[in-house]
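This report concerns only the one structure given below.
The values are calculated or read from the model by the stated rules, or taken from the named source; none is laboratory data. Model, not experiment: these values are computed from the prediction. Methodologically, a virtual Cβ is constructed for each residue, glycine included, from the backbone with ideal geometry; neighbour enumeration extends over all protein chains shown. Surface areas here come from the heavy atoms of the whole protein model, side chains and all, with no ligands, DNA or RNA. Shrake-Rupley method; radii C 1.70, N 1.55, O 1.52, S 1.80 Å.
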Number of protein chains: 2
Amino acid sequence: MSEKALIFGHKNPDTDSICSVLAYEALKKQLGENVEARRLGNLNKETEFVLNYFDVEAPKLLATVDPNAEGAENTERQKVILIDHNERIQSVDGLETAQITEVIDHHKFGEFSTFEPLMIRAEPVGCSSTILLTIYKENDLLPEKKMAGMMLSAIISDTLLFKSPTCTPRDVKAAEELAKIAGVDLEKYGMDMLIAGASFGDKSTKE
Amino acid sequence: MSEKALIFGHKNPDTDSICSVLAYEALKKQLGENVEARRLGNLNKETEFVLNYFDVEAPKLLATVDPNAEGAENTERQKVILIDHNERIQSVDGLETAQITEVIDHHKFGEFSTFEPLMIRAEPVGCSSTILLTIYKENDLLPEKKMAGMMLSAIISDTLLFKSPTCTPRDVKAAEELAKIAGVDLEKYGMDMLIAGASFGDKSTKE
Ligand SMILES: [Mn+2]
Ligand SMILES: [Mn+2]
Ligand SMILES: [Mn+2]
Ligand SMILES: [Mn+2]
């Protein structure tokens with residue numbers, strides 16, 4: 001059985017569901033864990049801008065974790081880590097066959113069930129990456145430059161540059177700290193990113 | 001509306017569901033939060049021994065949180081913090097009317113739903129108090145003597161003095177640290193406690 005855990009965000013991924021996944025993969029690897037970041041759908045324009053800007057590769061697409069499904073990559077029960085979501089309907093096909101070992105999320109919970117005890121870090125903040133920065137620090141680590149850029153972008157995206165009603169002081173503080181590590185001007189980068197996401201209509205170039 | 005949050009463990013409470021609740025109430029009060037520990041049923045013999053030993057008062061019984069139920073204490077939507085459980089069927093009557101603001105648990109999750117984002121700390125360890133000790137430390141605090149006794153007792157109870165398959169190295173380490181603060185000999189106190197819980201049949205004196 002593969003001991004590798006796949007980390008992914010929700011279907012129809014937003015910047016948080018791509019960038020927090022990459023940052024958590026980086027942290028887990030630094031901690032010596034066997035994990036791989038994945039995505040459950042096409043990148044949107046905003047996320048493409050972010051990955052381009054920081055020269056980071058997108059996670060590989062994951063179609064299903066059901067070992068019996070067509071196109072299955074796994075032959076045994078897959079270990080999975082859910083970021084930025086917890087509801088089955090937003091998650092990977094075949095989730096009911098997998099072992100959920102961790103959840104990191106900032107949303108309400110919906111009919112969430114597991115077969116085993118697991119690690120959950122949920123907090124009522126504006127973005128998954130705000131929770132991730134806390135976890136980095138609990139491990140006496142900080143994200144390196146590119147991953148700080150990923151986490152910063154996730155926070156800017158989820159909070160609409162701190163304008164959303166879900167934004168908390170912790171999100172602002174995390175973003176300010178991450179912008180320093182990432183070496184960008186928070187306001188300028190944030191506006192550029194949001195504008196990149198809004199432009200060229202609403203179709204992804206990959207659609 | 002009452003801003004006080006009620007903290008409680010599961011129905012048919014075990015030592016974890018009483019003692020971790022008391023320890024989390026103490027921590028929250030130290031942090032200036034408005035909370036009150038409660039219990040969802042009668043104490044068992046083991047828990048009575050623990051409360052007696054450390055001279056700690058049992059939490060008050062809570063019958064329901066439904067504002068429209070007979071015997072309701074609250075007239076508005078009640079804030080609640082769930083310890084040592086997450087499934088509705090193990091929780092307080094009227095939970096579906098309440099706002100769950102936090103969950104601290106070490107069990108698998110079962111059809112867990114909320115109306116709002118919330119704080120969840122779940123970890124696959126042997127006892128809720130092992131997670132609580134981590135949270136104390138994250139706040140640069142340690143439990144005082146009586147509360148260390150509560151947390152130690154919860155760990156001994158849930159792990160059967162480290163013999164249960166759910167016991168992890170973190171539980172053992174936490175118990176050793178808590179025994180020092182509580183000023184008891186871990187092995188001797190642990191055996192006395194488990195024997196007190198096993199004796200006199202299985203009926204609580206309050207039943
Ligand atoms: Mn999202
Ligand atoms: Mn998000
Ligand atoms: Mn219990
Ligand atoms: Mn327990």
task = Could you state, as a whole-number percent, how many of the C-alpha pairs of the protein assembly as shown are farther apart than 32 Å?
result = 41
inquiry  = Counting protein heavy atoms only and a 1.4 angstrom probe, how many square angstrom of accessible surface do chains A and B bury in total, to the nearest 100?
reply    = 1700
query = What nm distances, shortest first, do you get from the label point of A:G71 to those in the other copies when the point sits 7 angstrom along Cα to Cβ?
reply = 5.5
key: Cross-link reach list, lysines versus B:K79, counting only Cα pairs under 24 Å and skipping chain neighbours closer than eight places   = A:K108, B:K4, B:K11, B:K28, B:K29, B:K60, B:K108
request  = Summarise the partner chain shielding of A:120-129 as one whole number: the mean count of Cβ atoms from other chains within 10 Å of each residue's Cβ.
outcome  = 4
query = Name the trypsin sites (Lys or Arg not before Pro) in segment A:138-195 that are in a loop by DSSP and that have at most 13 other C-beta atoms within 10 Å, would you?
reply = A:K163
request  = Please sort by residue number the chymotrypsin sites (Phe, Trp or Tyr not before Pro) in segment B:56-157 whose DSSP state is loop and whose Cβ has at most 14 other Cβ atoms within 10 Å.
outcome  = B:F115
key: Per residue accessible area in Å² of the protein assembly as shown, where ligands, DNA and RNA are left out and the probe is 1.4 Å   = 44
Kirkwood-based shape ratio for segment B:1-107, expressed as Rg/Rh from alpha carbons = 0.95
key: Cα extents of chain A along the three principal axes, largest first (Å)   = 48, 40, 30
key: Charge context of B:S153, other residues only, Cβ under 10 angstrom, K/R +1, D/E -1   = -3
key: segment A:1-113, relative contact order [Cα under 8 Å, separation at least 6], %   = 29
note = segment A:146-194 and segment B:1-29 have their Cα centres apart by a whole-number Å value of 36
query = Taking a spot 7 Å from the Cα of B:N68 along the direction of its beta carbon, which residues of segment B:93-114 have an amide N less than 18 Å from it?
reply = B:93-99
task = Counting only C-alpha contacts under 8 Å and six or more residues apart, can you give the relative contact order of chain A as a whole percent?
result = 23
Apportionment of accessible area to carbon and sulfur, segment B:34-77, percent (1.4 Å) = 41
inquiry  = Just to confirm a number: summing +1 for Lys and Arg and -1 for Asp and Glu over residues other than A:E177 whose beta-carbon lies under 12 angstrom from that of A:E177, what do you get?
reply    = +2
task = Output, in nm with one decimal and in ascending order, the distances from the B:N12 label point to the matching label points of the other copies (7 Å from Cα along Cα-to-Cβ).
result = 4.2
Sparsely packed GluC sites (Glu not before Pro) within segment B:44-99, loop by DSSP, other Cβ within 10 Å at most 16 = B:E57, B:E70, B:E73, B:E76
key: Degrees, to the nearest 10: B:145-159 long Cα axis against longest axis of chain B   = 90
remark   = With the label set 7 Å along Cα→Cβ, A:N52 is separated from its counterparts in the other copies, in nm and shortest first, by 7.4
request  = Enumerate the amide H contacts of B:D93 below 5 Å, restricted to partners 5 or more residues apart or on another chain; note that Pro and chain-start residues carry no placed amide H.
outcome  = B:V65
note = Summing -39500 (n - 2.57) over every DSSP H run of at least 4 residues in chain B and dividing by its residue count gives a helix-only mean residue ellipticity at 222 nm, to the nearest 500 deg cm²/dmol, of -12000 deg cm²/dmol
request  = Give me the net charge of B:E36's neighbourhood, meaning all other residues with Cβ under 15 Å from the Cβ of B:E36; Lys, Arg count +1, Asp, Glu -1.
outcome  = +1
note = Given Cβ charges of +1 for Lys and Arg and -1 for Asp and Glu, the option among A:I81, A:A154, A:G183 whose Cα lies farthest towards the positive end of the dipole of chain A is A:G183
